[in-house]
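A.B. asks: Let me give you the structure first, and then I'll get to my questions.
The values are calculated or read from the model by the stated rules, or taken from the named source; none is laboratory data. Being a predicted model, the structure only gives us computed values, none of them experimental. Every residue, glycine as well, gets a Cβ built from its backbone with ideal geometry; the counts of neighbours run over all protein chains shown. Keep in mind that these areas ignore ligands, DNA and RNA; they rest on the heavy atoms of the full protein, side chains included. Shrake-Rupley method; radii C 1.70, N 1.55, O 1.52, S 1.80 Å.
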Amino acid sequence: MRSPRFLALGLGLVLAASPALARVHDAIVSRVDGGALVVDWQAKGPVDVYLATQPDAPLKAARLVRAGVRDGHARFMAPASPRPYLRLRDRGDGTVVTVAERLLPLAQGSNFRDLGGYPAADGKTVRWGLLYRSGATPLLSDRDAALVRGLGLTSMVDLRSDEERRLAPTRLAGQVHQDAVAYSMMALFAGAQGGKMPSNGGALYRNFPTLLAPQVKLVFDRLKAHAGPIEYNCSAGQDRTGFMTALILSALGTPRDVILRDYDLSTALRRPEWEMPKIDAAKATDPVAKMFAGYQANPAMARPQPLHDPDGRPFLASALDEIDSRYGSVEAYLAQVAGVTPQDLAALRRTYTE
């Protein structure tokens with residue numbers, strides 16, 4: 001598991017609630033060695049800390065773990081499953097703020113995190129426990145698999161190619177409903193750079209709005225169904241998943257600078273060793289298997305790389321610029337490729353923000 005300092009750094013980019021809506025704000029939750037949860041927040045007066053197993057649980061269904069805390073800090077033991085949600089009640093005005101761990105504490109998972117707590121339209125925030133982004137999940141431990149099942153996911157949307165899904169089928173096959181668009185990674189490469197294996201970067205990302213349009217429609221169809229929590233993933237949980245996350249958060253009204261900061265978390269929160277089973281390079285026959293075997297043989301690829309071009313520009317910014325240039329806005333892009341109407345956007349914000 002990551003160190004407490006690392007988690008605080010990686011997770012501390014998020015506001016749990018707007019100060020305009022609640023006196024408790026800037027709440028951050030991290031898990032430290034030994035299974036303890038640490039929550040820090042800002043508030044002018046005493047705060048009661050409750051532990052719940054549902055993000056919208058009433059206080060009477062939650063357990064009071066710390067009462068009248070004045071220094072904005074609490075630590076207590078809490079198991080990872082069922083997933084803990086903290087309800088912070090300001091004694092001054094009675095407002096209650098929900099906050100949870102952003103990164104799920106998976107022993108053999110990569111980059112599996114919750115989009116909850118980010119600022120959204122109309123001074124609201126994204127609800128916790130409904131939207132999850134992740135890397136591939138072929139090597140989850142039994143405990144990891146139980147934790148993910150406990151999220152109550154209605155769908156796991158796999159953004160990976162046919163080849164990737166064949167090389168690294170999810171550990172949760174048959175346990176959680178799976179959705180995917182059939183396509184070959186070679187076709188993805190052909191559309192991007194004349195059939196050559198492309199290097200990652202802004203030039204590749206500029207093709208995402210066109211190449212990933214079928215996946216965008218699939219994800220937003222699932223979101224519009226308002227059926228419950230969903231997860232979506234690619235292999236690393238950073239590129240295709242990062243693009244999809246940018247579209248979802250944009251639809252919910254999250255500022256672009258926050259979207260880009262969430263995107264950058266992938267560099268620190270990836271664990272490549274759990275994204276793909278070991279491939280025998282000598283037995284790899286198709287180009288995609290050979291590509292992943294090459295990654296596994298390259299020590300540099302075992303370490304997540306910064307997602308920025310040499311000039312420091314985030315790769316994701318190029319995809320968003322392409323949308324702005326060709327469609328005028330993310331909303332216009334979603335309307336054209338996924339049939340997301342203004343009424344749909346309003347309904348998405350009612351469902352996924354609070």
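A.B. asks: Using R₀ = 41 Å, calculate the FRET efficiency as 1/(1 + (r/R₀)^6) where r is the Cβ-Cβ separation of residue 350 and residue 166; round to 0.05. Provide the component values of the computation, followed by the final result.
C.D. replies: On the way: r = 39 Å, r/R0 = 0.94.
Between residue 350 and residue 166 the formula returns 0.60.
A.B. asks: To the nearest 10 degrees, how steep is helix 287-297 against the longest Cα principal axis of the chain, on a 0 to 90 scale?
C.D. replies: Between helix and principal axis, roughly 60 degrees.
A.B. asks: Another one. Using modelled backbone amide H atoms (1.01 Å from N, in-plane), which distant-in-sequence or interchain residues come within less than 5 Å of residue 155's amide H?
C.D. replies: For residue 155, the qualifying residues are 231.
A.B. asks: Once you place label points 7 Å from the Cα toward the Cβ at residue 186 and residue 325, how far apart are they in nm?
C.D. replies: Placing both labels 7 Å along Cα→Cβ, they lie 3.0 nm apart.
A.B. asks: Sticking with this one: What is the spin-label model distance, in nm, from residue 77 to residue 281 if the labels are put 7 Å beyond Cα along the C-beta direction?
C.D. replies: 4.7 nm
A.B. asks: Amide H of residue 110: which non-local residues (sequence gap of 5 or more, or other chain) have their own amide H closer than 5 Å, using H built in the peptide plane?
C.D. replies: Those qualifying (amide H under 5 Å, at least 5 residues apart or on another chain) are 135.
A.B. asks: Could you sort 241-254, 327-340, 66-79, 118-131 so that the peptide with the highest average Cβ count within 10 Å comes first and the rest follow in order?
C.D. replies: Working: 241-254: 23.3, 327-340: 17.4, 66-79: 13.9, 118-131: 19.7.
Highest to lowest by the protection proxy: 241-254, 118-131, 327-340, 66-79.
A.B. asks: Taking the Cα atoms only, what angle lies between the long axis of helix 213-224 and the longest principal axis of the chain, rounded to 10 degrees?
C.D. replies: Approximately 30 degrees, to the nearest ten.
A.B. asks: Tell me, what HN-Hα J-couplings in whole Hz come from the Karplus equation 6.51 cos²θ - 1.76 cosθ + 1.60 at θ = phi - 60° for each residue of the range 139-146, using x for Gly and Pro?
C.D. replies: Karplus values, whole Hz, x for Gly and Pro: 10, 4, 6, 4, 5, 4, 4, 5.
A.B. asks: A further question follows. So between residue 33 and residue 142, what do we pick up on full extension, going 0.36 nm a residue minus the alpha carbon distance?
C.D. replies: Details: separation 109, 0.36 × 109 = 39.24 nm, distance 2.01 nm.
Gain in length upon complete extension: 37.2 nm.
A.B. asks: Given a 1.4 Å probe, how much area per residue of the range 240-340 is accessible, in Å²?
C.D. replies: Numbers: 4340 Å² over 101 residues.
Spelled out: the 1.4 Å probe surface of the range 240-340, per residue, equals 43 Å².
A.B. asks: Further, regarding this structure: In whole Å, how far is the Cα centre of the range 69-127 from that of the range 255-299?
C.D. replies: The two parts, judged by their Cα centres, are 28 Å apart.
A.B. asks: Pop the C-beta distance of residue 107 and residue 199 into the FRET formula with R0 = 25 Å and round what comes out to the nearest 0.05. Provide the component values of the computation, followed by the final result.
C.D. replies: Numbers: r = 31 Å, r/R0 = 1.26.
After rounding, the FRET efficiency stands at 0.20.
A.B. asks: Based on the Cβ-Cβ distance from residue 303 to residue 122, what FRET efficiency comes out when R0 is 41 Å, to the nearest 0.05? Write down the numbers at each step before the final one.
C.D. replies: Details: r = 40 Å, r/R0 = 0.98.
The value I calculate is 0.55.
A.B. asks: So, one more: If you stretched the chain out fully between residue 63 and residue 177, how much longer would it get, using 0.36 nm times the residue separation minus the C-alpha to C-alpha distance?
C.D. replies: Numbers: separation 114, 0.36 × 114 = 41.04 nm, distance 3.18 nm.
Result for the pair: 37.9 nm of gain on full extension.
A.B. asks: Quick one: angle between helix 342-352 and the longest Cα principal axis of the chain, in degrees between 0 and 90, rounded to 10, please.
C.D. replies: With rounding to tens, the tilt is 60 degrees.
A.B. asks: Under 5 Å between amide H atoms, partner at least 5 residues away or on a different chain: which partners does residue 253 have, H built in plane at 1.01 Å?
C.D. replies: Those qualifying (amide H under 5 Å, at least 5 residues apart or on another chain) are 121.
A.B. asks: Okay, next question. Can you compute the helix-only [θ] at 222 nm over the chain? Use -39500 (n - 2.57) per DSSP H run of at least 4 residues, normalise by all residues, nearest 500 deg cm²/dmol. Don't skip to the answer; put the middle values down first.
C.D. replies: Values: 13 runs with 122 residues, N = 354.
The per-residue figure over the chain is -10000 deg cm²/dmol.
A.B. asks: When we measure straight from the Cα of residue 290, which aspartates and glutamates land under 17 angstrom away, once same-chain ones fewer than 8 places off are left out?
C.D. replies: 162, 163, 164, 273, 275, 280
A.B. asks: Here are several values of mean projected area of the Cα convex hull in nm²: [x] 16.2; [y] 19.8; [z] 17.7. Which one was derived from the coordinates shown?
C.D. replies: Looking at mean projected area of the Cα convex hull in nm² for this model, the match is [z].
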